[in-house]
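Undergrad: Mind looking over this structure? Questions follow.
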Amino acid sequence: MIKRIVVCFLICFCFYSEDAFAQTKKIDSTTTIYNDIHELSQKNKFNKFIYKLLFRSSALKVENLIPEKKHIEKPLITNETNGKIIRNIYIETLDPFGQSVKNEAKKPRNGFERFGNVTHIKTKEFTIRNLLLFKKNSLCDSLLLKESERLIRSQRFVREVLIQPIGIENSKDSIDVKIRVLDSWTLIPTGSLSSNESSFKLTERNILGFGHLISGNIKNRFDTKEKATYAQYSINNIKNTYIRLDLEYAKEYNNDSRRSININRPFYSVIAKNAGGFNFENRLQTEQFPTSAIYIPQVISYDFQEYWYGRSFKVNALTNPERYFNNMILAITYNQKKYGLVPDEILDPTNFFSTEKNWIGMIGFSKQKFYQDKFIFNFNITEDIPYGENISLIIGQQQKNSTTRMYSGINISYGRKFLFGYASGFAEWGSFYNSGITEQTTFKTGFNYFSPLLFWGKWRFRQFVKPTYVWGNNRDDSFKDRLSLLDDDGLPGFDNRLSGVQKWTASFQTQSYIPGSWYGFRFSPYFNMTLGSLADTKALFSSKVYSKFSIGALINNDFLVFNSFQISFSYYPTIPFDGDDITRFNSFENNNLSLYDFQLSKPAYIRYN
């Protein structure tokens, strides 16, 4: 028994020896250490068991100790296949560990990898088939093959996908299509911790291989000992229609609750002609109404329903290949919010919380394409980056408080990949009209940039920048018609009682990708700084600037069997109503810097947030 304990100690000690920090002999020492561990593991069955539990035998291939067959890259989807008949479609889904869509000879080499694959339920063949934009016996279109590949890759349960036309022997007019899909590990636990609250969330993104999602979240407040729960069930594609079903339930703090059902079909691709959906929601929530001295809680409730439909029309001549990407969109939305419980009149003198009905129409032009890149939000994984342009005109009518108001707005966005990096921006303006007077005007503009892949030796970097500005004029006097720093583009963690009528936020992130492996580990550290300011009556740039600083890392290991995970720590110099010098664990995620989408969808008023 003592001998076995010593063996375990030696294995663990190899990770923390002082030699691990030597820079000049990093590669050689890594090879020697893992090779010695490998030889030591062959001494007896117990050593083999410990080795298989902790290490991948394929890790030795990382250091070129085991030769690997070379895989020759070939162009897969080309225009030469256009017009040929698709005779058969072969679909193969792969377990997440130790396999590759490009290298069919690659197999799991580690016992723990094989165990992980056994416990994983692969994506069903019909789940992938339902995502395809082409069918058996149809004519091959390279655009549809590429777009199908992108749509499959966009699924959160897929890591990689390869669609490859294959010639048929003795046939000049027919081809087969082979599809290989590498699954992701889809059971994802996440959580966060601060001085006054904890949160734990568990998500399964591919139930039984059907592509369905189920998620649950539990939060706890330490001071009041309150609990909050959240549950979601989603079907992202019903029978190849791209209709998505979302069911949500939340039991929140203060006995608040929310239940909703949403059935929606967006313009999921440039080839989609029809879109639409409907949504029902019931909500009971406690609002804190500010007075001169204190906040007074009031319980409100409402039922919300919404219906919308959109139609896409191709622009340009049939012979123009760009017509696939140029679309004119016509769409209309009707929604109604009906209140059950409303606050006392003295707390809501403008009747902001009152029943309303809205008709919203849109006409617009949209052009969207994608290019593929790596090392953006993930480590060496192909990502589809949207670019293009759109412009839309919004016309609406609102009935509220026995008053009918008209609405007009405009939305413009543009994005491209340049030599100096990827850049996109947008500008939005909208306003209600009541007896010739503009009311609740909103102006919003934003910019999104990330640099080309920068190199410092073999170390890769990208720089991200995302500023936004929002301005409002003649807004309702209700505190609910105010801006807050607490939103997706702002400063998560701030109390929404801090408000104003205009704001700016700016997020700067340096993302790094450390080359190769460092004693088996791959690191993708990042640093994020987010700034923001609110103003009400005074000039915006003379208002106090609030900030948040976050550091974190995506961590992978080529030798250990554990998959990648993420950690982050955030520091807030001050948070109004909470205090100063606040630190929070995992309050920031590396994907907060989302990119704009250039595909028009459901008509809506310009959001004031």
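The values are calculated or read from the model by the stated rules, or taken from the named source; none is laboratory data. What you are looking at is a predicted structure, and each value in this text was computed from that prediction instead of being measured. All Cβ positions, glycine included, derive from the backbone under ideal geometry; neighbour counts span all protein chains shown.
Undergrad: Would you point out which residue out of SER269, SER301, SER292 is assigned to a strand (DSSP E or B) and among the polar types (S, T, N, Q)? Explain how you work it out, then say what you get.
TA: Details: SER269 fails: assigned to a strand (DSSP E or B); SER292 fails: assigned to a strand (DSSP E or B).
Exactly one of SER269, SER301, SER292 is assigned to a strand (DSSP E or B) and among the polar types (S, T, N, Q), namely SER301.
Undergrad: Follow-up. Condition test on TYR268, is it out of contact with any Gly (no Cβ under 6 Å at 6 or more places or on another chain) and farther than 28 Å from LEU133 by Cβ?
TA: Numbers: out of contact with any Gly (no Cβ under 6 Å at 6 or more places or on another chain): yes; farther than 28 Å from LEU133 by Cβ: no.
For TYR268, the condition - out of contact with any Gly (no Cβ under 6 Å at 6 or more places or on another chain) and farther than 28 Å from LEU133 by Cβ - is not met.
Undergrad: Only one residue in ARG416, ARG405 is surrounded by 17 or more Cβ atoms within 10 Å (Cβ to Cβ) and of a type in the set (Lys, Arg). Which one? Before the answer, list the steps.
TA: Details: ARG416 fails: surrounded by 17 or more Cβ atoms within 10 Å (Cβ to Cβ).
Of ARG416, ARG405, the one residue that is surrounded by 17 or more Cβ atoms within 10 Å (Cβ to Cβ) and of a type in the set (Lys, Arg) is ARG405.
Undergrad: Oh, and also: Any residue at all in the range 470-486 that's modelled with pLDDT under 85 and assigned to a loop (DSSP other than H, G, I, E, B)?
TA: Yes: one or more hits.
Undergrad: Being under 24 Å from ASP246 (Cα atoms), among the polar types (S, T, N, Q), free of Cβ contacts under 8 Å to residues at least 60 places away in the same chain and surrounded by 14 or more Cβ atoms within 10 Å (Cβ to Cβ) narrows it down to one of ASN274, ASN358, ASN282, so name that one. Spell out the reasoning first.
TA: Working: ASN274 fails: surrounded by 14 or more Cβ atoms within 10 Å (Cβ to Cβ); ASN358 fails: free of Cβ contacts under 8 Å to residues at least 60 places away in the same chain.
Matching residue, one of ASN274, ASN358, ASN282: ASN282.
Undergrad: Working carefully through the options LEU318, LEU341, find the one that is more than 28 Å from the chain's Cα centre (by Cα), part of a loop (DSSP other than H, G, I, E, B), at pLDDT 95 or above and not polar (S, T, N, Q).
TA: Values: LEU318 fails: at pLDDT 95 or above.
Every option except LEU341 fails the conditions.
Undergrad: Looking at the range 128-143 only, could you name the residues that are part of a helix (DSSP H, G or I), touching a helix residue (DSSP H, G or I) at 6+ places or on another chain (Cβ under 8 Å) and either within 13 Å of ASN240 (Cβ to Cβ) or free of Cβ contacts under 8 Å to residues at least 40 places away in the same chain (or both)?
TA: Our first condition is that a residue be part of a helix (DSSP H, G or I); within the range 128-143, this holds for 128-129, 142-143.
Now drop any that are not touching a helix residue (DSSP H, G or I) at 6+ places or on another chain (Cβ under 8 Å), which leaves 128, 142-143.
ILE128, the sole residue that qualifies.
Undergrad: OK, next. Can you name the residue in the range 445-460 that is surrounded by fewer than 18 Cβ atoms within 10 Å (Cβ to Cβ) and small (Gly, Ala, Ser) and, of all such residues, is modelled with the lowest pLDDT?
TA: Filtering the range 445-460 for residues that are surrounded by fewer than 18 Cβ atoms within 10 Å (Cβ to Cβ) and small (Gly, Ala, Ser), the one modelled with the lowest pLDDT comes out as GLY457.
Undergrad: Could you look through the range 204-217, keep only residues that are aliphatic (A, V, I, L, M) and part of a strand (DSSP E or B), and pick out the one that is surrounded by the most Cβ atoms within 10 Å (Cβ to Cβ)?
TA: So the first thing to find is which residues in the range 204-217 are aliphatic (A, V, I, L, M), and the list is 207-208, 213-214.
When the remaining residues are screened for being part of a strand (DSSP E or B), the result is 207, 213-214.
On the way: ILE207: 16, LEU213: 19, ILE214: 15.
Looking at the filtered set, the residue picked out is LEU213.
Undergrad: Same structure again: From ASN220, ASN240, which residue is surrounded by fewer than 17 Cβ atoms within 10 Å (Cβ to Cβ), more than 30 Å from TYR309 (Cβ to Cβ) and of a type outside the set (Val, Ile, Thr)? Lay out the reasoning, then the answer.
TA: Details: ASN240 fails: more than 30 Å from TYR309 (Cβ to Cβ).
One residue alone meets the criteria, ASN220.
Undergrad: Look at the range 170-187 and say how many of its residues are out of contact with any Phe, Trp or Tyr (no Cβ under 6 Å at 6 or more places or on another chain) and either exposed (fewer than 14 other Cβ atoms within 10 Å of the Cβ) or within 20 Å of ASN237 (Cβ to Cβ) (or both).
TA: Applying the first criterion (out of contact with any Phe, Trp or Tyr (no Cβ under 6 Å at 6 or more places or on another chain)) to the range 170-187 yields 170-177, 179-183, 185, 187.
Pick out the ones that are also either exposed (fewer than 14 other Cβ atoms within 10 Å of the Cβ) or within 20 Å of ASN237 (Cβ to Cβ) (or both) and you get 170-173, 177, 179-183, 187.
Residues meeting the conditions: 11.
Undergrad: Please give the number of the condition THR442 fails out of (1) polar (S, T, N, Q); (2) surrounded by fewer than 19 Cβ atoms within 10 Å (Cβ to Cβ); (3) within 30 Å of GLN509 (Cα to Cα).
TA: Failed condition: (2).
Undergrad: Follow-up question, since we're still on this one. Within the range 68-95, can you find the residues that are of a type in the set (S, T, N, Q) and either closer than 25 Å to VAL118 by Cβ or modelled with pLDDT under 85 (or both)? If you could, list the steps in order and put the result at the bottom.
TA: Quick first cut of the range 68-95, residues of a type in the set (S, T, N, Q) only: 78-79, 81-82, 88, 93.
Listed by number, the residues that qualify are THR78, ASN79, THR81, THR93.
Undergrad: Turning to a different aspect of this structure: Given the options ILE376, ILE391, name the one that is modelled with pLDDT of 95 or more and of a type outside the set (Phe, Trp, Tyr). Please lay out each step first, then the result.
TA: Details: ILE376 fails: modelled with pLDDT of 95 or more.
Answer to the check: ILE391.
Undergrad: Then there is this: What do you reckon, is PHE370 of a type in the set (Phe, Trp, Tyr), at pLDDT below 95, within 24 Å of PHE267 (Cα to Cα) and in contact with a Pro (Cβ under 9 Å, 6 or more places away or on another chain)?
TA: Numbers: of a type in the set (Phe, Trp, Tyr): yes; at pLDDT below 95: yes; within 24 Å of PHE267 (Cα to Cα): yes; in contact with a Pro (Cβ under 9 Å, 6 or more places away or on another chain): yes.
Yes, satisfied.
Undergrad: For the range 526-534, indicate whether the set of residues that are at pLDDT 85 or above, under 18 Å from ASN380 (Cβ atoms) and not in a loop (DSSP other than H, G, I, E, B) is non-empty. Walk me through it before giving the result.
TA: Of all residues in the range 526-534, those at pLDDT 85 or above come to 526-534.
In the following step, the residues that additionally are under 18 Å from ASN380 (Cβ atoms) were identified as 526.
Narrowing the set further to residues that are not in a loop (DSSP other than H, G, I, E, B) leaves 526.
Yes, that holds for at least one residue.
Undergrad: For the range 430-472, name all the residues that are in contact (Cβ under 8 Å) with a residue 12 or more places away in the chain and over 28 Å from LEU540 (Cα atoms).
TA: To start, the set of residues in the range 430-472 that are in contact (Cβ under 8 Å) with a residue 12 or more places away in the chain comprises 430-434, 437-453, 457-472.
Within the range 430-472, SER451, PRO452, LEU453, GLY457, LYS458, TRP459, ARG460, PHE461, ARG462 meet the criteria.
Undergrad: So, of the residues in the range 81-130 that are aromatic (Phe, Trp, Tyr) and more than 25 Å from the chain's Cα centre (by Cα), which turns out to be surrounded by the most Cβ atoms within 10 Å (Cβ to Cβ)? I'd like the intermediate steps shown before the answer.
TA: If we filter the range 81-130 for residues that are aromatic (Phe, Trp, Tyr), which is where we start, we get 90, 97, 112, 115, 126.
Next, from what is left, pick out any that are more than 25 Å from the chain's Cα centre (by Cα): 90, 112, 115.
Details: TYR90: 12, PHE112: 18, PHE115: 15.
Ranking the candidates gives PHE112 first.
Undergrad: Has the range 294-305 got at least one residue that is among the small types (Gly, Ala, Ser), closer than 25 Å to ASN262 by Cα and surrounded by fewer than 17 Cβ atoms within 10 Å (Cβ to Cβ)? Before you say what the answer is, go through the steps one by one.
TA: Kept after step one, since they are among the small types (Gly, Ala, Ser), are these residues of the range 294-305: 301.
Adding the requirement that they be closer than 25 Å to ASN262 by Cα leaves 301.
Within this subset, residues satisfying the condition of being surrounded by fewer than 17 Cβ atoms within 10 Å (Cβ to Cβ) are 301.
Yes - at least one qualifying residue is present in the range 294-305.
Results for (1) assigned to a loop (DSSP other than H, G, I, E, B); (2) within 26 Å of ALA231 (Cα to Cα); (3) without any contact (Cβ under 8 Å) to a residue 24 or more places away in the chain, shown as yes or no for each residue.
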site	(1), (2), (3)
PHE126	no, no, yes
LEU145	no, no, no
SER148	no, no, yes
GLN155	yes, yes, no
GLN164	no, no, no
LEU182	no, no, no
TRP185	yes, yes, no
ILE188	no, yes, yes
LEU202	no, yes, yes
